[in-house]
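The values are calculated or read from the model by the stated rules, or taken from the named source; none is laboratory data. Worth saying up front: this structure is predicted, and the values here are computed from it rather than measured. Note that we place each Cβ from the backbone using ideal geometry, even for glycine, and neighbour counts take in every protein chain shown.
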């Protein structure tokens, strides 16, 4: 917690004296929005095949301008049914992961809080695995009622339960202990892993294959159906996040201070926990475990624009989306026509960055 | 941060290689012949092998990563692992049709490929003598090479019969335990309805894990009661390989007949479990390893 409090207090001092960083932050957000626009176009234009997104869009919008080189139906399908849903899903999941990381770090007042690191993703994964394995039998009726929403909702439930337990265990009298949180996260992750193991044992061959590839973490297999299933849940959490900013800033000063600043602390914490769980759960349900986005993006941004959540949250959403799209573009093209799982790329890039953070801020993370 | 450990990811390919699916013949939209067989992507090791054995390899434009035999197939572009196909990757080789082994996927990728009006034909797989012949005939039929397929099927039939006959008169059947992986000391063994079970039976052995469905993790006690005379594993290269010493030092396996006699056979995965043109030869190799001098040939 030292980190954010120090940062926040520092921020206030600076605001009073040397001027604040909000101008810089606003500028950064504009830049990040442009960056996202560029990465979206880049992602639409790149892939294993030479289908030209530009030509498809041009012919769609201005049929008269078509240069006659008759776009094949195949190119259209590649752009609209393969690349576009993948880009949309990438934007949703990248921003969801980065924002839930940022919110969780604010909520726990702890730079190490990340849904992937403290077992929340594992909890979401357990929820999803239960549905994949038992969906055809015990949970059949549930599946019939909830339809395509079953998987994301189950993952959400798993994530929510894990986050609540984690918060209860790690927070005492409004203070979150870094050590307790990490250790509790390990215990929760292990428990979720154990239950997942039981489910894996019960799975038949086909389900086992589903589980294995789902666990790799990937945007492959993005379809409009999946976006319809997870999109609303993620969108809700993203829409809620700007309203959390003021509360998170106040919380950085401690719960008592936040209370005196007029924040309904308990209610606020509940909203924050539910939105983190919703964003993480829905993301894990459609794309498996994609690590490090939630920790790398907010940290990188704090270094540049400071810890003010009013700017940090939207900036995280933008940068998270861009980073995931870039990573996915690499995964789609580096071994084309085959594909490298996305989780491998984010971990390969995120792991070293995480170590660098640890080296840079070593003193702050002493347990 | 997936709940799956990295080691599990690495084993995924190996595991999935060994899992064929209990094929449900999926002649979707009733298609069984490619309207245009000039540019075919072959998905599944045994499918590619059969296409080459038929002499129809000129029609291939791509293969999947499990298609590693014959060696000349490696020159074709690799569109990825058969159960994790990337739709755009497959479309980028501009195939006129996809000839895939049952269980290829994922479903989302196949749906998009079908939508892109690429003819997709799935070839069912069963792990027995007849299954191989059917596979050959179906592959031949899809490519408009029925006559060649009939000839090939006939020779494979005779070859397989001869290989099976080798062990026909063996009095005492050996019990064989197929171990898929021993990651972290956990033994993953093959039960019924697996490719390994099929090949063990063809070679005149008894699957030590009879009565268990699919690939299951073996408890120490189950390993003891399975009483294998012989352990069968896939060749695996590099760091993934479990050394022979590690197999025999496993406390559960050490006390089995196979462990005491240090009987372990390793064979190439696609050769042993592919159920294609090379299966008769694999059966012969396995039978020879099991029964040695007891069989002729």
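Rundown of residues vs (1) touching a residue at least 40 places away in the same chain (Cβ under 8 Å); (2) more than 9 Å from chain B (Cβ to nearest Cβ), yes/no style:
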residue: A:79; (1), (2): no, yes
residue: A:87; (1), (2): yes, yes
residue: A:94; (1), (2): yes, yes
residue: A:117; (1), (2): yes, no
(request) Scan the range B:128-138 and give yes if some residue there is within 14 Å of another protein chain (Cβ to nearest Cβ), surrounded by fewer than 21 Cβ atoms within 10 Å (Cβ to Cβ) and not in a helix (DSSP H, G or I), otherwise no. (result) no
(request) Evaluate the following for residue B:236: is it modelled with pLDDT under 85 and closer than 24 Å to residue B:127 by Cα? (result) yes
(message) Go through (1) surrounded by fewer than 23 Cβ atoms within 10 Å (Cβ to Cβ); (2) facing another protein chain (nearest Cβ under 9 Å) for residue A:178 and report which single condition fails.
(response) (2)
(request) Take the range B:71-108 and flag every residue that is in a helix (DSSP H, G or I) and more than 11 Å from chain A (Cβ to nearest Cβ). (result) B:71, B:72, B:73, B:74, B:75
(message) Would you confirm, using the coordinates I've provided, whether residue A:22 is closer than 30 Å to residue A:242 by Cα, surrounded by 15 or more Cβ atoms within 10 Å (Cβ to Cβ), touching a helix residue (DSSP H, G or I) at 6+ places or on another chain (Cβ under 9 Å) and modelled with pLDDT under 90?
(response) yes
(request) Answer with yes or no whether residue A:124 is within 16 Å of residue A:217 (Cα to Cα) and away from chain B (no Cβ under 14 Å). (result) no
(message) Of the conditions (1) farther than 18 Å from residue A:119 by Cα; (2) crowded, with 24+ Cβ neighbours inside 10 Å, residue A:238 satisfies every one except a single condition; which number is it?
(response) (2)
(request) With respect to residue B:169, determine if the residue is more than 14 Å from chain A (Cβ to nearest Cβ) and at pLDDT below 90. (result) yes
(message) Take the residues in the range A:207-224 that are surrounded by 24 or more Cβ atoms within 10 Å (Cβ to Cβ) and either in contact with a strand residue (DSSP E or B) (Cβ under 6 Å, 6 or more places away or on another chain) or facing chain B (nearest Cβ under 7 Å) (or both); name whichever of them is nearest to residue A:133 (Cα to Cα).
(response) A:215
(request) Count, please, the residues in the range B:91-104 that happen to be closer than 18 Å to residue A:336 by Cα, buried (at least 20 other Cβ atoms within 10 Å of the Cβ) and out of contact with any strand residue (DSSP E or B) (no Cβ under 6 Å at 6 or more places or on another chain). (result) 2
(request) Could you identify the single residue in A:253, A:183 that is surrounded by fewer than 21 Cβ atoms within 10 Å (Cβ to Cβ), away from every other protein chain (no Cβ under 14 Å) and assigned to a loop (DSSP other than H, G, I, E, B)? (result) A:253
(message) Of all residues being outside any helix (DSSP H, G or I) and within 14 Å of chain B (Cβ to nearest Cβ) in the range A:289-325, which is surrounded by the most Cβ atoms within 10 Å (Cβ to Cβ)? Just the residue, please.
(response) A:290
(request) Filter the range B:251-268 down to the residues that are crowded, with 21+ Cβ neighbours inside 10 Å and touching a helix residue (DSSP H, G or I) at 6+ places or on another chain (Cβ under 7 Å), then identify the one that is nearest to residue B:190 (Cα to Cα). (result) B:253
(request) Return only the number of the condition from (1) over 30 Å from residue B:242 (Cβ atoms); (2) free of Cβ contacts under 8 Å to residues at least 12 places away in the same chain; (3) surrounded by fewer than 24 Cβ atoms within 10 Å (Cβ to Cβ) that residue B:124 does not satisfy. (result) (2)
(request) Answer yes or no: is there a residue in the range B:47-65 that is touching a strand residue (DSSP E or B) at 6+ places or on another chain (Cβ under 8 Å) and part of a loop (DSSP other than H, G, I, E, B). (result) yes
(request) Select, from B:260, B:216, the only residue that is outside any loop (DSSP other than H, G, I, E, B) and at pLDDT 90 or above. (result) B:260
(request) Kindly establish whether residue A:254 is touching a strand residue (DSSP E or B) at 6+ places or on another chain (Cβ under 9 Å) and on the phi > 0 side of the Ramachandran plot. (result) yes
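For every residue, the table says whether it meets (1) buried (at least 24 other Cβ atoms within 10 Å of the Cβ); (2) not in a loop (DSSP other than H, G, I, E, B).
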site: A:95; (1), (2): yes, yes
site: A:114; (1), (2): yes, no
site: A:129; (1), (2): yes, yes
site: A:153; (1), (2): no, yes
site: A:159; (1), (2): yes, yes
site: A:163; (1), (2): yes, yes
site: A:167; (1), (2): no, yes
(request) Collect the residues in the range A:330-347 that are part of a helix (DSSP H, G or I) and within 12 Å of chain B (Cβ to nearest Cβ), keeping them in residue-number order. (result) A:331, A:332, A:333, A:342, A:343, A:344, A:346, A:347
(request) Scan the range B:151-191 for residues that are in contact with a strand residue (DSSP E or B) (Cβ under 6 Å, 6 or more places away or on another chain), surrounded by 14 or more Cβ atoms within 10 Å (Cβ to Cβ) and over 17 Å from residue B:264 (Cα atoms) and report the count. (result) 1
(request) Hey, can you tell me all the residues within the range A:221-250 that are touching a helix residue (DSSP H, G or I) at 6+ places or on another chain (Cβ under 6 Å), without any contact (Cβ under 8 Å) to a residue 40 or more places away in the chain and assigned to a helix (DSSP H, G or I)? (result) A:240, A:247, A:250
(request) Give the residues of the range A:33-54 that are more than 14 Å from chain B (Cβ to nearest Cβ) and modelled with pLDDT of 75 or more, sorted by residue number. (result) A:33, A:34, A:35, A:36, A:37, A:38, A:39, A:40, A:41, A:42
